[in-house]
Amino acid sequence: MKIGGRHYRTIRPREDGTVEIIDQTQLPHRFATRTLARVEDAAHAIKAMIVRGAPLIGATAAYGMALAMREDASDENLERAYELLLSTRPTAVNLHWALARMRDFLRNRPRQDRPALAWAEAAAICDEDVETCRSIGEHGLAILRAASAKKSGRRLNVLTHCNAGWLACVDWGTALAPIYMAHDAGIALHVWVDETRPRNQGASLTAFELGGHGVAHTIIADNAGGHYMQAGEVDLCIVGTDRVTANGDVANKIGTYLKALAARDNDVPFYVALPSSTIDWSLANGSEIPIEERSADELLKMTGRLPDGALATVEIAAPGSPGANPGFDVTPARLVTGFITERGPCAATHDGLLSLFPEHKA
């Protein structure tokens, strides 16, 4: 994707042996990058949500392992880096997937070879993510084409929650990749963008992306989605996910479950776009997914731009009131119309997933 006419990936290696990332905490008001020089930098970037989105978290963790190997390629440091990065975010399974892949790849390699091998493997994970997201986009495009055809070319209204675009991945995105491809193919569409309280990833990141690509969109309050569905103003929903269990239950940004309930009540198709690295075959259902509890400050305070361009964080809640801030909720598989993966669409069931990924049959 492009910013100001220049192509960007959300994460890229630099010739000096460091890694450049987009600082997503500054968006949409400022576009800035940061440099990761050590594994601790990568861990901080993930934990502080300077980078976020399940696929990008995995990619950043992979480069964190590579940075650790450049500093100390010992077995002890390999395990230390693995544990440090694994502890940063509990819900997105891509983190564990990428770290396990890196550790297993490096564990039995000669120490002197590990820095170069780790660097190459992290780059491979990033390149694979781009191709995976492109494939998700193409499979999702077919669904959008069919939905558009049913409306005889009249504007297609799509609702999305949180950010599952290129900022959540290395490039393209998951839920937004089909939207970009549909827009580029000339399909008339419009996107309802949930603000996604409390961190406002929809209002800040998804709207930033869609606006930059020229896709028609409107930011709405999180509680407005059901209203627009009742009014016939939503033709389908597409969201991303941070973890999908073997039975098809979906963990995604808090508020997704409510959108799925509203979609079911109004007969609006509800799709979840995901790479196979987001499927956690070890968990039977969504009740087993660890839900991250984040700082109450995210709920009780808000950061925005003042008239003079300065950024400020202000309190928005009653002083002294406590806040609870779960980062994710679980949408039962029964509320999901279907999955869109890099291998194609499937039913949101155990058998549906196995039809595309038969290598996971017991």
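A few notes on this one:
- Contact order normalised by residue count of segment 216-278, Cα under 8 Å, 6+ apart, percent: 40
- Just checking the listed ones, Gly165, Gly327, Gly214: in the Gaussian network model of the chain with Cα springs under 10 Å, the one fluctuating most is Gly214.
- Cβ-based net charge around Ala296, under 14 Å, with every Lys or Arg adding one and every Asp or Glu removing one: -1
- Taking Cβ atoms as reference points and 13 Å as the exclusive limit, the residues near Thr218 contribute a net charge of -2, counting Lys and Arg as +1 and Asp and Glu as -1.
- Cα-based shape type of segment 140-244, given that a ≥ b ≥ c are square roots of the gyration tensor eigenvalues and the cut on a/c is 1.5: oblate
- Residue-averaged 222 nm ellipticity for the chain, from DSSP H runs of 4+ at -39500 (n - 2.57), nearest 500: -11500 deg cm²/dmol
- Selected from Asn223, Asn266, Asn108 as most flexible by GNM, with the chain as the system and alpha-carbon contacts under 10 Å: Asn108
- Note: relative contact order over the chain, using C-alpha pairs below 8 Å and six or more positions apart, is 15 percent.
- Surrounding net charge for Ala207, when Lys and Arg each add one and Asp and Glu each subtract one, Cβ distance under 13 Å: -3
- Lysine pairs meeting the criterion (Cα under 27 Å, 8 or more apart or interchain), as found in the chain: 9
- Helix axis angle, 75-86 relative to the chain longest principal axis, alpha carbon, degrees: 20
- Estimated at 0.36 nm per residue, the fully extended path between Ala231 and Glu40 surpasses their Cα-Cα distance by 63.9 nm.
- Euclidean distance of C-alpha centroids, segment 236-292 and segment 143-215, integer Å: 18
- DSSP assigns beta bridges within the chain; of those with both partners inside it, close to 55 percent run antiparallel.
- For the pair segment 62-84 and segment 316-339, the centres of their Cα atoms are 34 angstrom apart.
- For Thr33, residues with placed amide H under 5 Å, excluding near neighbours: Asp23
Read the figures in this text as sums done on the coordinates, not as results from a lab. Note that this is a predicted model, so its numbers are computed, not measured. Positions of Cβ are backbone-derived with ideal geometry, glycine not excepted, and every protein chain shown enters the neighbour counts.
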